[in-house]
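Take a look at the structure below.
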Amino acid sequence: MTSLRDDGPAALEWAARYLERVGELPVLAQVKPGEIRARLPTTAPEAGEPFSAVLRDLDEVLLPGITHWQHPRYFAYFATSSSEPAILAELLAATVNSVAILWRTAPASTELEGVVLDWVADLLGLPGGWHGHIEDTASTSTLTAIIAAREATGRDLIVTSEQAHSAADKAARMLGMRLRKVPCDDEFRMRPDQLGDLSEAAAVVATVGTTATTSVDPIPAIAEECAQAGTWLHVDAAYAGTAMVCPEHRWAFAGVDRADSLVVNAHKWMLTPVDCSLLWTRRPQDFRRAFSLIPEFLRTPDAEDSLSLSEYGPALGRRFRALKLWAVLRCFGRAGLQAHIRRGVELAGQFERWVTEEPGWEVCAPRRFSVICFRLEGPDERNRALLERVNASGEMFISQAVLDGRYVLRLAIGQMSTTEEDVRRAWEVLRREAG
Ligand SMILES: Cc1ncc(COP(=O)(O)O)c(C=O)c1O
């Protein structure tokens with residue numbers, strides 16, 4: 001039998017050792033598709049095994065198949081950090097195993113969720129009084145907001161930019177709604193003069209920190225067009241939203257106070273492990289109309305005076321995600337979050353300077369936060385091959401984008417353990433493999 005007292009220390013030791021040595025492991029898993037599955041038994045064991053066997057196979061079987069998002073040279077997609085307070089809080093949340101289907105099944109989880117969303121709203125400079133709750137991912141948050149927008153407007157068109165995240169496209173497809181893509185300017189920002197007729201639009205999805213370049217759409221102008229057309233404005237700040245904890249980045253949130261809904265992923269830059277996507281709205285009643293469905297077995301006498309967050313989104317059973325975010329906010333504070341953001345932005349600036357100063361390389365988009373889009377001068381094929389080589393080296397992991405029809409490399413800083421030495425090494429690996 002597994003017991004927390006007997007097996008817990010070994011599991012905690014594994015976690016602590018992992019974080020100490022992750023920087024020595026190859027960032028990108030060096031396995032072929034199917035390789036991990038082939039190493040695992042095809043059926044579950046008949047009799048229970050000791051937990052030590054699970055830990056052993058985590059090392060021997062699974063570890064080679066893990067791409068290390070916690071690696072200091074993880075620079076692909078948007079880096080994310082699982083900080084130690086949040087890791088411990090995840091353990092405790094799983095221990096309590098609160099399921100917030102209704103307020104009375106999880107009063108503390110429900111009320112803490114409201115409190116931490118208020119705290120983060122305050123940290124990011126959002127207006128007071130918005131309703132906030134947690135969804136699993138930004139994809140779900142955006143889907144949820146679009147459903148509320150459709151409910152509120154009775155319309156079936158989603159308008160977004162050609163640089164927006166594919167979550168908007170996916171939501172349109174799942175909901176059977178129409179989608180219109182607005183062109184961008186030469187800095188990859190949505191062009192408000194190209195929004196077109198919004199009279200049939202349920203929602204405009206604008207982005208603060210687009211996925212490829214982290215460009216910032218001109219929210220004030222878009223908000224004005226939405227207000228005139230009676231169209232819902234959803235702002236996707238999944239990555240960049242956390243940066244608003246620093247006053248020097250707040251320019252990017254100008255006009256967001258006029259949004260109908262907003263998503264920021266705590267599981268991107270806010271030191272919180274996946275999944276934890278923060279969704280706010282100033283129109284909670286539209287969410288409630290879209291999602292509230294209380295069958296007889298869920299009726300409770302306290303419903304009048306209490307808030308059940310399952311009435312504001314797709315899921316009935318909601319886990320205690322607020323606990324890990326609460327732990328992060330308390331253990332880092334505003335100052336700790338600011339320091340984390342500033343370090344990432346500073347390192348990105350450093351990397352950008354090296355690329356700019358090196359003949360034969362170019363920066364391909366204005367850098368707004370901690371992501372640099374760059375390339376070797378010359379054909380796409382050269383850059384594609386370079387990306388494959390640096391990722392295969394195991395020393396670092398980057399991703400790519402296509403901008404203005406050209407293939408570019410994309411280095412995203414955000415992992416809390418990344419140092420200047422790691423960024424310098426990444427630049428050395430890139431130059432070595434390019435040569
Ligand atoms: C701007 C933006 N929106 C949404 C998403 C989707 O996030 P999630 O994986 O939480 O669904 C991403 C993912 O990187 C993103 O960059």
Checklist outcome for this item: Farthest towards the positive end of the dipole of the chain, among Phe320, Leu19, Ala339 and with Cβ unit charges of +1 on Lys and Arg and -1 on Asp and Glu, lies the Cα of Leu19
Next on the checklist: I need two numbers for the stretch 153-210: Rg to one decimal and Dmax as a whole number, Cα atoms only, in Å.
Outcome noted: 11.0, 34
Checklist outcome for this item: Taking only the alpha-carbon atoms of the chain, the convex hull volume per residue, in cubic angstrom, is 167 Å³
Item to check | Protection proxy ranking of 210-221, 282-293, 147-158 - average other beta-carbon atoms within 10 Å, highest first | outcome: 210-221, 147-158, 282-293
Checklist outcome for this item: Which of Leu55, Leu262, Leu307 fluctuates most in a GNM of the chain (C-alpha springs under 10 Å)? That residue is Leu55
Checklist outcome for this item: The Cα extents of the stretch 1-73 along the principal axes, largest first and rounded to whole Å, are 39, 30, 13
Item to check | Dipole of the chain, positive end: most advanced residue of Ala145, Ala164, Val264 [Cβ charges, Cα centre] | outcome: Ala164
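Could you size up the charge dipole of the chain around its Cα centre, putting +1 on the beta carbon of Lys and Arg and -1 on that of Asp and Glu, and report it in debye to the nearest 20?
Charge dipole, the chain, about its Cα centre: 180 debye, nearest 20.
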Checklist entry - Which value in nm describes the separation of the simple spin-label points at Ala303 and Leu88, placed 7 Å from the Cα toward the beta carbon? => result 4.0 nm
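From the P(r) of the stretch 351-435, can you give the percent of Cα pairs sitting at distances over 20 Å?
26 percent
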Next on the checklist: Multiplying the sequence separation of Asp404 and Glu420 by 0.36 nm and subtracting their Cα-Cα distance, what value in nm do you get?
Outcome noted: 2.7 nm
Item to check | Whole-angstrom gap from the stretch 239-293 to the stretch 371-393, using each part's C-alpha centre | outcome: 33 Å
Next on the checklist: Distances longer than 18 Å among the Cα atoms of the stretch 56-192: what percent of all pairs is that?
Outcome noted: 75 percent
Item to check | Cut-off under 5 Å, modelled amide H: who pairs with Ser399 long-range | outcome: Tyr77, Arg410, Ala412
Checklist outcome for this item: For Trp354 the rounded accessible area (nearest 10 Å², probe 1.4 Å, non-protein molecules ignored) is 50 Å²
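Is there a quick way to get the dipole size of the stretch 1-103? I mean about its Cα centre, with the Cβ of Lys and Arg at +1 and of Asp and Glu at -1; what is the value in debye to the nearest 20? Walk me through the numbers before you get to the answer.
On the way: 8 positive and 13 negative charges, 72 e Å.
Computed about the Cα centre, the dipole is about 340 debye.
Let me check something: with ligands and nucleic acids excluded, how do Cys246, Cys364 order by accessible area (1.4 Å probe), largest to smallest?
Largest accessible area first, the residues go Cys364, Cys246.
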Next on the checklist: Let me cross-check Tyr77: its accessible surface, 1.4 Å probe, with only protein heavy atoms counted, in Å² to the nearest 10?
Outcome noted: 120 Å²
Checklist outcome for this item: extent check for the stretch 138-234: Cα max minus min per principal axis, descending, whole Å, gives 34, 27, 17
Next on the checklist: Could you put Lys268, Lys32 in order of accessible surface area, largest first, with the 1.4 Å probe and the full protein assembly present?
Outcome noted: Lys32, Lys268
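Students sometimes get this wrong: rank Leu323, Leu233, Leu62 by accessible area, probe 1.4 Å, all chains present, largest first.
Largest to smallest exposure gives the sequence Leu62, Leu323, Leu233.
Can you check what the Kirkwood hydrodynamic radius comes to for the stretch 276-435, Cα pairs only, in Å to one decimal?
Evaluated over the stretch 276-435, this radius sits at 19.6 Å.
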Checklist entry - Roughly how big is the stretch 239-375's charge dipole about its Cα centre, with Cβ charges of +1 (Lys, Arg) and -1 (Asp, Glu), in debye to the nearest 20? => result 180 debye
Next on the checklist: With a 1.4 Å probe and all protein chains kept in place, how much accessible area does Lys181 have, in Å² rounded to the nearest 10?
Outcome noted: 90 Å²
Next on the checklist: Treating the stretch 223-315 as a set of equal point scatterers at the Cα positions, no solvent, please give the Debye-formula log₁₀ I(q)/I(0) at q = 0.10 Å⁻¹.
Outcome noted: -0.37
Checklist outcome for this item: The simple spin-label model distance between Leu58 and Glu388, using points 7 Å out along Cα→Cβ, in nm, is 3.5 nm
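The values are calculated or read from the model by the stated rules, or taken from the named source; none is laboratory data. For clarity, every value in this text was computed on a predicted model and none was experimentally measured. As a convention, Cβ positions derive from the backbone with ideal geometry for all residues, glycine included, and neighbour counts pool all protein chains shown. Calculation scope for accessible area: heavy atoms of the full protein, side chains included, ligands and nucleic acids excluded. Shrake-Rupley method; radii C 1.70, N 1.55, O 1.52, S 1.80 Å.
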